[in-house]
Amino acid sequence: MGSKKNDLPDINKIIGEYGDSLLRMSFLYLKDYHLAEDAVQDTLLKVYRGYSSFNGKSSEKTWIMRIAINVCKNYLRSNWWKRIDAEAVLETIPATEAEMIQDDTLLRVIMSLPVKYREIILLYYYQELKIHEIAEVLHIPESTASIRLKRARERLKSELKGDYCYE
């Protein structure tokens, strides 16, 4: 292969830094642990193959999360996924996987949000990205990202009503 060793990423470093976050985000996005594992593997493969095209305009984490979200979106577009009952998938999460999520009610409400609000919540709270990073990942203006986050919070607050002390 014509690449120099310096052009290739340290995949062990990437897995160490982002592996858990990628798995958590993919799981919350796809609602299926095994599918999330596949999505993480596909993401890491794309990162490895495309690392030479990473130009540093965004942080490495933002670039990797953008790839992961695109992989998850592709999974959700597949015919296989359209035949899966997402609610049934949530019901069958084994205990070890459920431990990734601290509160089942909150997860269910987040997962019931429209995709544009769900992804904002996942990126902001679970991936701890800043608004400008979320805007980069989703290819939207920062103002749009801020508005979506505000609306997503409003929907969560309304859905959760008295179940939680919302701050």
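The values are calculated or read from the model by the stated rules, or taken from the named source; none is laboratory data. Treat the numbers as computed from the prediction; the structure is a model and nothing was measured. Neighbour counts run over all protein chains shown; Cβ positions are idealised from the backbone, glycine included.
Can we say Asn55 is at pLDDT 90 or above, closer than 28 Å to Ser146 by Cβ, out of contact with any Asp or Glu (no Cβ under 7 Å at 6 or more places or on another chain) and not aliphatic (A, V, I, L, M)? So Asn55 does not fit the description; no. Out of the range 133-152, which residues are without any contact (Cβ under 8 Å) to a residue 12 or more places away in the chain and part of a helix (DSSP H, G or I)? Within the range 133-152, Ala135, Glu142, Ser143, Thr144, Ile147, Lys150 meet the criteria. Would it be correct to say that Val47 is crowded, with 20+ Cβ neighbours inside 10 Å, part of a helix (DSSP H, G or I) and over 14 Å from the mean Cα position of the chain (by Cα)? So Val47 fits the description; yes.
Considering only residues in the range 58-93 that are crowded, with 18+ Cβ neighbours inside 10 Å and of a type in the set (Phe, Trp, Tyr), the one that is modelled with the lowest pLDDT turns out to be Tyr75.
Scanning the range 113-159 for residues that are surrounded by fewer than 15 Cβ atoms within 10 Å (Cβ to Cβ), aliphatic (A, V, I, L, M) and either modelled with pLDDT of 85 or more or more than 16 Å from the chain's Cα centre (by Cα) (or both) gives a single hit, Ile147. Of all the listed residues (Asp38, Asp20), the sole one being closer than 20 Å to Ile134 by Cβ and out of contact with any helix residue (DSSP H, G or I) (no Cβ under 6 Å at 6 or more places or on another chain) is Asp20.
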